[in-house]
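Student: Okay, here's the structure, questions in a sec.
The values are calculated or read from the model by the stated rules, or taken from the named source; none is laboratory data. These numbers were taken from a predicted model, which means no experiment stands behind them. A quick note on method: Cβ atoms are made from the backbone with ideal geometry, for glycine too, and the neighbour counts reach across all protein chains shown.
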Amino acid sequence: MPEHSNETQIRTLVENWASAIRAQDREGMRTCHTDDIVLFDVIPPLQIQGVEAYQQQWELFFDADPGGPGSFEPIDLHILAGEDVAFAHTLLRVANSTARLTLGFRKVNGTWLIAHEHHSFPWE
């Protein structure tokens, strides 16, 4: 598959994931990830593995953020995609703050999924 097509598919995946977060659509978020997702987060626990633990961690965010426009917006997403592995980085508007986000992707049965997330804030 051409590299541009992979980048386009990944960009769409990230947009769908961010939209699901803004809508607090837990199933929409889940379908964007591998079952063995690894998350390095800004709040404890700092390392989370597995999609069930991943979803539980997001409940803390949903408790603090009402969702909607501006609550989780990637800014200037950069993607580097191979045939079955890719990564991306972006700044991320989270409510009134700006965070950093790095994502790792794997192509599973022809579909790109998020396999790794690393969230951080500049003051960490």
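Student: In the range 81-101, which residues are touching a residue at least 24 places away in the same chain (Cβ under 8 Å), part of a strand (DSSP E or B) and farther than 17 Å from F40 by Cβ?
Tutor: Listed by number, the residues that qualify are A81, A86, S97, T98.
Student: So, one more: Scan (1) in contact with a helix residue (DSSP H, G or I) (Cβ under 8 Å, 6 or more places away or on another chain); (2) on the phi > 0 side of the Ramachandran plot for the single condition D76 breaks and write down its number.
Tutor: Going through (1) in contact with a helix residue (DSSP H, G or I) (Cβ under 8 Å, 6 or more places away or on another chain); (2) on the phi > 0 side of the Ramachandran plot one by one, D76 breaks only (1).
Student: Kindly indicate whether E83 is under 15 Å from T111 (Cβ atoms), loosely packed, with under 13 Cβ neighbours inside 10 Å and charged (D, E, K, R).
Tutor: The answer is yes for E83.
Student: Quick one: in the range 102-123, of everything that is aromatic (F, W, Y) and touching a residue at least 12 places away in the same chain (Cβ under 8 Å), which residue is surrounded by the most Cβ atoms within 10 Å (Cβ to Cβ)?
Tutor: F105
Student: So in the range 32-56, with the set limited to residues that are farther than 17 Å from G104 by Cβ and of a type in the set (S, T, N, Q), which one is surrounded by the fewest Cβ atoms within 10 Å (Cβ to Cβ)?
Tutor: Q56
Student: Ok, one more. Going through the range 1-47 one residue at a time, which ones are in contact (Cβ under 8 Å) with a residue 40 or more places away in the chain, within 14 Å of L113 (Cα to Cα) and outside any helix (DSSP H, G or I)?
Tutor: Hits for the range 1-47 are C32, H33, T34, D36, I37, V38, L39.
Student: Return the residue satisfying two criteria in turn: it lies in the range 52-77 and is under 19 Å from L39 (Cα atoms) and assigned to a strand (DSSP E or B), and of such residues it is modelled with the lowest pLDDT.
Tutor: Checked the range 52-77; the qualifying residue modelled with the lowest pLDDT is E73.
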